[in-house]
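In what follows, a structure is listed as structure tokens, so that the remarks can point back to it.
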Amino acid sequence: MKYLHLIWASLFRSKTRTALTLLSVVAAFLLFGMLDSVRVAFTSGNSVAGANRLVVASKLSITQTLPFRLLAQIEAVPGVDKVAYANWFGGIYRDPKNFFPNFAIGPGYFDVYPEFKIPAEQLEAYQTDRTGAIVGAALAEQHGWKIGDTIPLQATIFPKDGSNDWAFTLRGIFHVDDPAMEQQERQLMFHWKYFDESNDYMQDQIGWFMIELENADQASRVAQAIDALSENSDHETKTQTESAWQQAFMKQFADIGLIVTAIMGAVFFTLLLLTGNTMAQAVRERIPELAVLKTIGFTDRSVLLLVLAESVLLIGLGGLIGMGLAQVVVGAVSAYSQGMLPTAGIPAETWGIAAVMILGLGVVVGLLPALRAMRLKIVDALAGR
């Protein structure tokens, strides 16, 4: 640390060049932080083992439905404790900009999802109202809804009696205690039975089943047993964890992991060339200064470490600023997306990868200039050769 002032002075010897390079590093890590956060959010939880809650959906596509009769068969599978089910609705409230997740749910949904806290009297009122609806506290606050309000939705998939107009009465408002799950409060749910009887599109069909297990250690066995129920039928299922199911949902649109890898590969390759050229030029301009350092007693190893430290500091400053900005941006986008983005900040995994990349890029970028500085001959340097 006693040489930090020397490293800092060398780094900002050419302020304009360093500032422009620093901005490039900031932009690269800002992009990395945002994209990798989405990748981590949608690619975590691929393993069924150890999960206590599973999702059963169509093996063919997330948009394919399953027959209602599967419910009794799934409930009979050993190891299954509770079963709930739901169907995507996709209604719009007044304006497409007001879109939020909304779907029809079957009985027992809040037993499978105990983290959704709802007063008992509100839950009872919902259960006795055919057109009743339950919304999250954040969504109710956003639109100023109160218990008893009528919520009109415009159907985008499922018409009712030849019209796209659906109306629900708000009977309950749920909340979650975990701040990390706050985005779950931006959704609306209503009775599946009402949806099944009223829509003009399909009957006796389920979008997906949610399974709570008696023992999380039995997850793999239960998943295989459930999928065996519809094997070789026209409605084969795939049972997986909730996070893996979310990943499958996103892959209907694109392979997030592949996209992120391709983009970041190009970005960091360009960054490597840019910062490498910056460090090489900086060392060339300071050859006489480096020779003076050696003259007054700095060893070859010390000069090597000084140049490497300068490179790591440059990448480190840009990387930390970029990741900090990404943290702010991801949080803002998550709030704006009203729960559609399953992350409210930069995951720990992304921070870890960023730390490794900062150190690795710093060493790679500074290694050749540092080796040149280490091998520098004092006489040749001072003579201008």
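The values are calculated or read from the model by the stated rules, or taken from the named source; none is laboratory data. Computed from a predicted structure; not experimentally measured. Note: ideal-geometry Cβ built from the backbone for every residue, glycine included; neighbour counts use all protein chains shown. Quick note on the areas: whole protein, heavy atoms, side chains included, nothing else; ligands and nucleic acids left out. Shrake-Rupley method; radii C 1.70, N 1.55, O 1.52, S 1.80 Å.
How much length is gained on full extension from Arg130 to Asp111, taking 0.36 nm per residue of separation minus their Cα-Cα distance?
Additional length available on full extension: 4.9 nm.
So if the hydrodynamic radius of the range 82-209 is defined as the Kirkwood radius over C-alpha pairs, what does Stokes-Einstein give as its diffusion coefficient at 4 °C and 1.567 mPa s, in µm² per second? Show your work: numbers first, answer last.
On the way: Rh = 14.7 Å.
Translational D for this selection: 88 µm²/s.
Under a point spin-label approximation (7 Å from Cα along Cα-to-Cβ), what is the Ile263-Glu141 distance to one decimal in nm?
Once both label points are built, they end up 3.0 nm from each other.
For Lys59, give me every one of the aspartates and glutamates with a C-alpha distance below 16 angstrom, ignoring sequence neighbours fewer than eight places off in its own chain.
In chain and number order, the partners are Asp227, Glu231, Asp234, Glu236, Glu242.
Any chance you could run the full-extension gain for Thr63 through Ile353? It's 0.36 nm times the residue separation minus the Cα-Cα distance, nm to one decimal.
That pair, Thr63 and Ile353, stretches by 101.0 nm at full extension.
Contact order normalised by length for the chain, with contacts defined as Cα pairs under 8 Å and 6 or more residues apart; what percent is it?
Numbers: 644 pairs, mean separation 111.8, N = 385.
For the chain, the relative contact order is 29 percent.
Leaving out ligands, DNA and RNA, what percent of the accessible area of the range 84-217 is carbon and sulfur, probe 1.4 Å? Don't skip to the end; give the middle numbers.
Values: 2860 of 6130 Å².
Carbon and sulfur atoms account for 47 percent of the accessible area of the range 84-217.
Using r as the Cβ-Cβ distance of Asp177 and Ala216, and R0 as 22 Å, what FRET efficiency do you calculate, to the nearest 0.05? Could the numbers behind the result be given before it?
Numbers: r = 21 Å, r/R0 = 0.96.
The pair Asp177/Ala216 has a calculated efficiency of 0.55.
If you roll a 1.4 Å probe over the heavy atoms of the protein chains, what accessible area per residue do you get for the chain, in Å²?
Numbers: 18930 Å² over 385 residues.
Per residue, the chain has 49 Å² of solvent-accessible surface.
Please state the shape class of the range 1-152: rounded when a/c is under 1.5, otherwise prolate if a/b exceeds b/c and oblate if not, all from the C-alpha gyration tensor.
Details: a/c = 2.92, a/b = 2.01, b/c = 1.45.
Here the range 1-152 falls in the prolate category.
Counting only residues 5 or more places away or on other chains, whose amide H sits under 5 Å from the amide H of Ile206 once H atoms are built in the peptide plane?
For Ile206, whose amide H was placed from the backbone, the distant partners under 5 Å are Leu66, Phe68.
With n ≥ 4 as the cut-off for DSSP H runs, can you work out [θ] at 222 nm for the chain, using -39500 (n - 2.57) per run divided by the number of residues, rounded to the nearest 500?
On the way: 14 runs with 198 residues, N = 385.
Calculated at 222 nm, the ellipticity per residue is -16500 deg cm²/dmol.
Once amide H atoms are built 1.01 Å from N in the peptide plane, which residues 5 or more positions from Ile151, or in another chain, come under 5 Å H to H?
So Ile151 has HN proximity to Phe168, Thr169, Leu170.
If amide H atoms are built 1.01 Å from N in the plane of the peptide, which residues on other chains or at least 5 residues away come under 5 Å of the amide H of Gly136?
Amide H neighbours of Gly136, under 5 Å, 5+ apart: Phe174, Gln187.
Which of the lysines could be linked to Lys15 by a straight reach, that is with a Cα gap under 16 Å, when you skip same-chain ones fewer than 8 residues away?
Result set, ordered by chain and number: empty.
Please quote Rg/Rh for the range 154-304 to two decimal places, taking the Kirkwood radius as Rh and restricting both calculations to Cα atoms.
Working: Rg = 29.7 Å, Rh = 23.0 Å.
So for the range 154-304, dividing Rg by the Kirkwood Rh gives 1.29.
Convert each backbone phi in the range 319-327 into a coupling constant with the Karplus relation 6.51 cos²θ - 1.76 cosθ + 1.60 (shift: θ = phi - 60°), then list the ³J(HN,Hα) values in order as whole Hz, x for Gly and Pro.
For the range 319-327, the Karplus curve yields x, 5, 5, x, 5, x, 5, 4, 4 Hz.
For Leu274 and Ile321 in one chain, what is 0.36 nm times their gap in residues minus the Cα-Cα distance, to one decimal in nm?
Values: separation 47, 0.36 × 47 = 16.92 nm, distance 1.82 nm.
The Leu274-Ile321 span can extend by a further 15.1 nm.
If you take the Cα atoms of the chain, find Rg, then find the Kirkwood Rh from the mean of 1/r over all pairs, what is Rg/Rh?
On the way: Rg = 28.8 Å, Rh = 24.7 Å.
We get a ratio of 1.16 for the chain.
Given the convex hull of the Cα atoms of the range 190-247, what is a quarter of its surface area in nm²? Please report the intermediate quantities before stating the final value.
Numbers: hull surface 22.5 nm².
Spelled out: convex hull of the Cα atoms, projected over all directions, averaged, 5.6 nm².
What list of ³J(HN,Hα) couplings, whole Hz, do you get for the range 347-364 from phi and the Karplus terms 6.51, -1.76, 1.60, once you set θ to phi - 60° and write x for glycine and proline?
x, 4, 4, 5, 4, x, 4, 4, 4, 5, 5, 4, 5, x, 5, x, 5, 5
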